[in-house]
Each structure stands twice: as C-alpha cells, then as structure tokens.
Amino acid sequence: NAGVTQTPKFQVLKTGQSMTLQCAQDMNHNSMYWYRQDPGMGLRLIYYSASEGTTDKGEVPNGYNVSRLNKREFSLRLESAAPSQTSVYFCASRYPGQWSSGANVLTFGAGSRLTVL
Amino acid sequence: DQQVKQNSPSLSVQEGRISILNCDYTNSMFDYFLWYKKYPAEGPTFLISISSIKDKNEDGRFTVFLNKSAKHLSLHIVPSQPGDSAVYFCAASVAAQKLVFGQGTRLTINP
C-alpha cells in the first residue's frame, strides 16, 4: 500500500527551465492537492483538484500549472522556473467531505525537493 | 495575510514533561482544526483534530484544546518522549474545504 507517491524526490533546475512534478495515489481518493513548504512560511497551497476533471487555484498559484490526468494522478508543472520556486513540494490526497479524527484527512507524499539556480 | 499563526518557531522540552504547542487564527469561519507532525525527509502525518463545536479532544498522550473566543488552539503532549521530536503544524478549514497551515513549530525533546 504505497499511499501517495511523488517523483522525482530531488531536482536541480536552471532559471527558465521547465519541469513537471508527478504525483500518484492508490487510495481511491477524490481530492488531490499540491503544497509547497518554505522556511518560516509553513505549508502553502498551490493548486488543488476537488475531483477528477476539476482544478482550482490555492494561495500561491503564480508560475505553476496543474493537470488532473485521471483519478490517481495530479501533476504540477513549472513552465519557466525561477529561484523563488526553490522549495519542497508536497502532494496530498483525501476523500471529500467533513474532516474527522483519523478519517477524511489529508495524506501526504514524502515530498520533492526542487532547487532553481 | 497569515490566517493561521504559530508564533514559536521552536520549543525544547525535557523528556517526561509536558509539551505545549500553540496556534492562533484570525478567521472566525474556521470550523475544523487539525494538527500534523512532520519528521525530516517525510511528508506530514495527521495527529489529532477538533471540531469548532468542541473545546477539547484527547487521543492518548495528545490533547488539543480550542478557545474560540480567543481564536487560540493548543496541543498538549504528556508525557513527552524522544520520538515526539518533530515539526508540528496546525491547520484550519472552512466547510471541509482546503486546509490552511501555520508556519510550524520544531519540538525537541531532550533526554
């Protein structure tokens, strides 16, 4: 039971290069999310997909695009990477509906560390 | 505009004592609050949550307290153990939509 799998785990880019972070979940979750974690800023939502076929902007969407390829997969694309996008990126998924202890909570992947030079 | 704030970047506690992590929020519409724990090189994992209709929720060594009038949330860990050393994030949500996270507090349990 893999949960949420992110690839790659590490990536170094030059300014202006493009890349796609891949995320896949095997828990049959409907909703998927991309967060970035920066020192002193916590986890900030970039984009999310409440269900297959829908995507919405989060707090910090500028410079990113997403694709909900199917129910399992949600990718994050940087079209022209900038040093400000150096961060650790986390993908997460959940069932929709009310939060409750132990159920319907966000399950995170292990993260993808991206450095833009 | 940080809607969820954890004002203590770090906390150091002796093993066996109580750890208290604090979180403040500004949006009175938040109706659910969660705490996540994160070890280095891993994703955050769910720890405990509380609905806005409650003021306390307990799960083993972990208790979350909610003070709605003060817009304040706290996590108590008793007794603290070395394995509790991690970064703790509080998070809040409106109507089961996306979670808004605080900046995190790094807890270190000293033997």
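Read-outs throughout are calculated quantities, based only on the coordinates presented, and are distinct from any laboratory measurement. Note that the structure is a prediction, hence the values are computed from the model and not measured. Every residue, glycine among them, receives a Cβ derived from its backbone with ideal geometry; neighbour counts consider all protein chains shown.
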### Query
Remind me, relative contact order of the stretch B:1-97 in percent, using alpha carbon pairs under 8 angstrom and six or more residues apart?
36 percent
### Query
Rounded, prolate or oblate: which fits the stretch B:6-46, taking a ≥ b ≥ c as square roots of the Cα gyration tensor eigenvalues, rounded meaning a/c under 1.5, else prolate when a/b beats b/c?
oblate
#### Entry: the stretch B:1-67: antiparallel DSSP beta bridges as a percent of all, rounded to 5
100 percent
### Task
From other protein chains only, count the Cβ atoms within 10 Å of every residue's Cβ in B:35-43, then give the mean.
4
## Note on the structure
Whole-Å distance linking the alpha carbon centroid of the stretch B:45-94 with that of the stretch A:8-63 is 26 Å
#### Entry: the stretch A:18-117: radius of gyration over Cα atoms, expressed as a fraction of 2.2 N^0.38 Å
1.04
### Summary
Percent antiparallel among DSSP beta bridges confined to chain A, nearest 5, equals 90 percent
## Note on the structure
quick shape note, chain B: Cα extents on principal axes in Å, largest first -> 41, 27, 21
### Task
Give me the percent of Cα-Cα pairs in the stretch A:1-55 that sit more than 19 Å apart, rounded to a whole number.
43 percent
### Summary
With T = 4 °C, eta = 1.567 mPa s and Kirkwood Rh from C-alpha pairs, the Stokes-Einstein D of the protein assembly as shown in µm²/s is about 72 µm²/s
### Task
For B:Lys37, list the aspartates and glutamates whose Cα falls under 13 Å from its own Cα; do not include residues on the same chain fewer than 8 positions away.
B:Asp84
### Task
Sticking to Cα atoms, compute the Rg of the stretch B:23-80 to one decimal and its Dmax as the biggest Cα-Cα distance, whole number, in Å.
12.1, 37
